[in-house]
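Engineer: There's a structure below that I have some questions on.
The values are calculated or read from the model by the stated rules, or taken from the named source; none is laboratory data. On a predicted model such as this, the values are computed, not experimentally measured, just so you know. Neighbour counts run over all protein chains shown; Cβ positions are idealised from the backbone, glycine included.
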Amino acid sequence: MKKTFMGVKLRKLRAETGMTQIALAQAMGLSPSYLNQLEQNQRPFTVSVLLKLNRAMGVDIQEFSEDEEARLLAGLKEALAEASQPISLPEFQEVASQMPALAQAVIDLHRRQHELIGRLESMSLQLGEGRNLDEPGTSQPFELVRDFFFSNQNYFDSLDRAAELLATQAQGSHAAGTLASWLEQRLSSHGVQVQRDRSGQRTKRRFDPDNALLTLSADLDAAQQCFQMATQLALMECAAEIDALIKVPPFTKNEPARKLVRVGLANYFAGAVLLPYTTFLQAAESLRYDIELLGKHFGVGLETVCHRLSTLQRLGDPGVPFFFVRVDRAGNISKRQSATHFHFSRIGGTCPLWNVYEAFSRPGQILAQLSSMPDGRRYLWVAHTVTHGEAGYGSPRRTFSIGLGCDVRHAHRLVYAKGLDLQDPAAATPIGMGCKVCERGDCPQRAFPFVGRALAVDENQSQAAPYGSLIERPPTRRRP
């Protein structure tokens, strides 16, 4: 563990609890002078100190993690990329490590600024088309829900344990037969009847509360039917747990976001029913996180496996902290979930050198990539394509690329590290968060210049990388 100095954060935490230095030192089993040195950044935080802080105050040590600092650092660099004065990396690091609340506030302001810009552009378009300007925006609730899952590292203990208990009850009931039949009986105990719709409608699940009727598409396979029934059970049996989790701003004031996050948490519960935490984690470790073998073992699709792998962060029994993403051919990110703090730009697209895009040209194959970010952090990425849609010739199909990544320090636990030199930084493909916020000057795939530096244009030479080196150079003196 590198030396971590977070004295400002510790002082803030102590002030919020109203404890004196002496009281906190006694609670942690430290001397007052040692605690004072920690708060003054004269001593670094160690693993031992963090554990003592956790025991004394119940503080989530993730708040003091390098991953959290890296996330804030990446967010700050994006938010302030167009600052009037250049900001050095040490300054970014100081704010991210010592003043995380301020860093998050700046990131939030930057996000809201881009939301407003998007709304203005939408209003301009609507004015040109003569449309009603009172139509509400549709992107903000999705952003709020995504940030909510991200801030919780994509793990919700109360829901996860409730789902595991339900799965255990289903496994212990031999008379029920399959999980689908057991879930159907469970719904029946609530007075809910389940029927299958063979009309060809695209709606996967439709619940009629007045008639207590749950209609599932007959085109769903067994695992998908279980998922939809478990989602409905979550909304009925875990309503209190879900409401407790979302009793926070902005969901208390934003009704569309509140409804959307309830569905998201119900889906989280359903995934945990199909893939119970302890059983699934043990299988993942024994199979070295082979997503194809895990899918066959549990009878679910690869996307469901990758979803679940990004949620295995139970305190005391965590799995590999993964980042999960789903993109389409146009580069739109339709799903982004994380048990870690890997950060991609909200603006300017993502990196074309990332293997999630190469997967489209090699459908059906599992692609592994060792990549490095501009800050030196390296990741192992696994990518593959998935296709959704109706069966039959001419039916609409939707193709996505799924990406599953983890920090290189966890890569040895994955079967996909086989044959890769994890110790050689030069073996990693250099990628970035998106061209507009990526400072790599020699990337031949660059689509836009980096907004953080003045563009250097030299009419007397042409380079392989577009937009020159993106570094201001002093004028060349002519010889007399």
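Engineer: Identify the single condition in (1) in contact with a helix residue (DSSP H, G or I) (Cβ under 9 Å, 6 or more places away or on another chain); (2) under 20 Å from G301 (Cβ atoms); (3) surrounded by fewer than 19 Cβ atoms within 10 Å (Cβ to Cβ) that D221 does not satisfy, given that it satisfies every other one.
Structural biologist: Just one mismatch for D221, condition (1).
Engineer: Based on this model, can you work out whether A411 counts as surrounded by 18 or more Cβ atoms within 10 Å (Cβ to Cβ) and more than 19 Å from the chain's Cα centre (by Cα)?
Structural biologist: It is false that A411 is surrounded by 18 or more Cβ atoms within 10 Å (Cβ to Cβ) and more than 19 Å from the chain's Cα centre (by Cα).
Engineer: Could you list, in sequence order, all residues of region 168-188 that are among the small types (G, A, S) and either within 10 Å of M229 (Cα to Cα) or modelled with pLDDT of 90 or more (or both)?
Structural biologist: A170, A180, S181, S188
Engineer: So, one more: Let me confirm something: among R202, R186, which residue is in a loop (DSSP other than H, G, I, E, B) and either touching a His at 6+ places or on another chain (Cβ under 6 Å) or of a type outside the set (S, T, N, Q) (or both)?
Structural biologist: When all the criteria are applied, what remains is R202.
Engineer: Among the residues of region 181-204, what is the count of those that are surrounded by 17 or more Cβ atoms within 10 Å (Cβ to Cβ) and closer than 17 Å to N267 by Cβ?
Structural biologist: Residues meeting the conditions: 2.
Engineer: Here's a follow-up. Kindly establish whether L214 is at pLDDT 95 or above and either within 19 Å of L275 (Cβ to Cβ) or surrounded by 14 or more Cβ atoms within 10 Å (Cβ to Cβ) (or both).
Structural biologist: yes
Engineer: Return the pair list, or none, for Cβ contacts closer than 8 Å from residues in region 17-38 that are without any contact (Cβ under 8 Å) to a residue 24 or more places away in the chain to residues that are part of a helix (DSSP H, G or I) and among the aromatic types (F, W, Y), at least 6 apart or on different chains.
Structural biologist: Listed pairs, sorted by first residue: A25/Y34.
Engineer: Could you please let me know if M99 is modelled with pLDDT of 75 or more and in the same structural domain as M28 (by TED's automatic domain parsing)?
Structural biologist: Considered against the rule, which asks whether it is modelled with pLDDT of 75 or more and in the same structural domain as M28 (by TED's automatic domain parsing), M99 comes out as yes.
Engineer: On to the next question. What are the residues in region 403-438 that are within 21 Å of E285 (Cβ to Cβ) and of a type in the set (A, V, I, L, M), if any?
Structural biologist: L404, V408, A411, L414, V415, A417, L420, L422
Engineer: What residue, among those in region 236-251 that are farther than 12 Å from L144 by Cα and assigned to a loop (DSSP other than H, G, I, E, B), is modelled with the highest pLDDT?
Structural biologist: Only one residue fits best here, namely C238.
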